[in-house]
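I have placed the structure first, in the form of structure tokens, so that the comments after it can refer back to it.
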Amino acid sequence: PPPPPPPPPPPPMEEMFGPPLDAPPPPPDVADAAEGVVPPPDLSDAEGAMLWAVLEVANEALMESDPNLQVTEGGVKDIQADVLEKVFGVMEKQGRTELVDEDRAYIHRRVSALVAKALATGRRFAKLDRIVCNVGGARGWVPGTVQALNEDDPSDPTGLRPLPYVVKIDPPESRLVSVPKDTNECARAEVCFGTREDGLWFTRMCLPKAVKRGSQRSGRRFGKGDRVACAVEDESGDFSDWAAGEVVEVDHAVAEDWRGDVLMAGGLAPYRVLLDSGATVLVHADEHWLVRDLTLQPAGPRVAADGTRCLKRMGKRRTGDGWESFDHTTRKVRKLADGSSDDDD
């Protein structure tokens, strides 16, 4: 009889390892995994053995680079997938089925660098953060709220590359979308746009399309000439800052505009603000996470790579004769009883 046909080629790596996750156990024990774990269905036995060999060295390198298991579970899976994609791909292209010393040295260097990066950054956004997502098409970007982090990707048979974020996008669509990678090309913070190119388009996109019950206020929180802190992208574009400025217009009219065959509605941006840097931004919603009283929120990092997060509505601070609490939405300040501190709930 004729010999059986050769096995089909493996799928592209992005299909195998799909999009990216966060929580803490050690990397899987490949020695145990090799006994009872079947490689992804589209891989031959030889390719499966290659995959496990690469993964075993990657896990050794992970234990060397992160002996205290500080990298999250999602971070570990991202690192494993990155190394598998690069090394497995080279071996397949060169027709090799066994690792060589050069492969092992590369894996250790790569894992060490990725561990250092994971420990320095982690996920950029947290649950309930407001972000904008790239959903493709003519419109491109839509605003929404992070609902979950590091969810399993149903399209990834290996389970090695979970989805960084699941986001509920705003009305009128009000549906869940997955963010495949934790990069600026896929997701970025929802801020007061205008410091970068395409700021007006992002503002139109983020202007509220529906009003939540109780969110309509009788008046604006600020008036012309008020000093405020606005949420803006930081220099890297990956995180955000509070930037000082002055309200120069209340209820700024934003005209509708076409992009391709998509008409983006206009509306009223609550404030146009001239920043101290000279840039002008539009505040598309009168919310404390976008604009604050500068006397309560000094300029500085809003969300940063070092873990800084300055987003809470309520705050406390020390004054000359004690402590006081404040509300960024109402701008009300009250003195706290003696002995209270910012460690108190």
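The values are calculated or read from the model by the stated rules, or taken from the named source; none is laboratory data. Given the structure is predicted, the values throughout are model-derived calculations rather than measurements. All Cβ positions, glycine included, derive from the backbone under ideal geometry; neighbour counts span all protein chains shown. Remember, those area values only see protein heavy atoms, side chains included, never the ligands or the DNA or RNA. Shrake-Rupley method; radii C 1.70, N 1.55, O 1.52, S 1.80 Å.
See the values below:
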quantity	calculated
Hits in the stretch 286-320 - residues which are in a loop (DSSP other than H, G, I, E, B), at pLDDT below 95 and more than 20 Å from the chain's Cα centre (by Cα)	GLY320
Enumeration of residues in the stretch 59-99 that are hydrophobic (A, V, I, L, M, F, W, C), open to solvent by less than 60 Å² (accessible area, probe 1.4 Å) and over 26 Å from ASP152 (Cβ atoms)	MET91, LEU99
All strands (runs of 3 or more DSSP E) inside the stretch 176-257 with 3 or more residues being at pLDDT 95 or above and touching a Cys at 6+ places or on another chain (Cβ under 9 Å)	227-233, 240-254
Some residue of the stretch 145-154 being over 21 Å from PHE239 (Cβ atoms), open to solvent by less than 50 Å² (accessible area, probe 1.4 Å) and over 17 Å from the mean Cα position of the chain (by Cα)	no
Filter result for the condition that a residue is out of contact with any helix residue (DSSP H, G or I) (no Cβ under 7 Å at 6 or more places or on another chain), more than 28 Å from ASP234 (Cβ to Cβ) and open to solvent by less than 60 Å² (accessible area, probe 1.4 Å), over GLY278, GLY322, GLY307	GLY322
Counted residues, the stretch 66-82 - those being in a helix (DSSP H, G or I) and more than 22 Å from the chain's Cα centre (by Cα)	0
Candidate set: the stretch 239-272, residues that are within 26 Å of the chain's Cα centre (by Cα) and under 14 Å from THR195 (Cα atoms); chosen: the one most open to solvent (accessible area, probe 1.4 Å)	ASP241
Selection status of PRO171, at pLDDT below 90, closer than 30 Å to ARG313 by Cβ and under 13 Å from the mean Cα position of the chain (by Cα)	no
Some residue of the stretch 92-99 being part of a helix (DSSP H, G or I), over 30 Å from PRO208 (Cα atoms) and of a type in the set (Ser, Thr, Tyr)	no
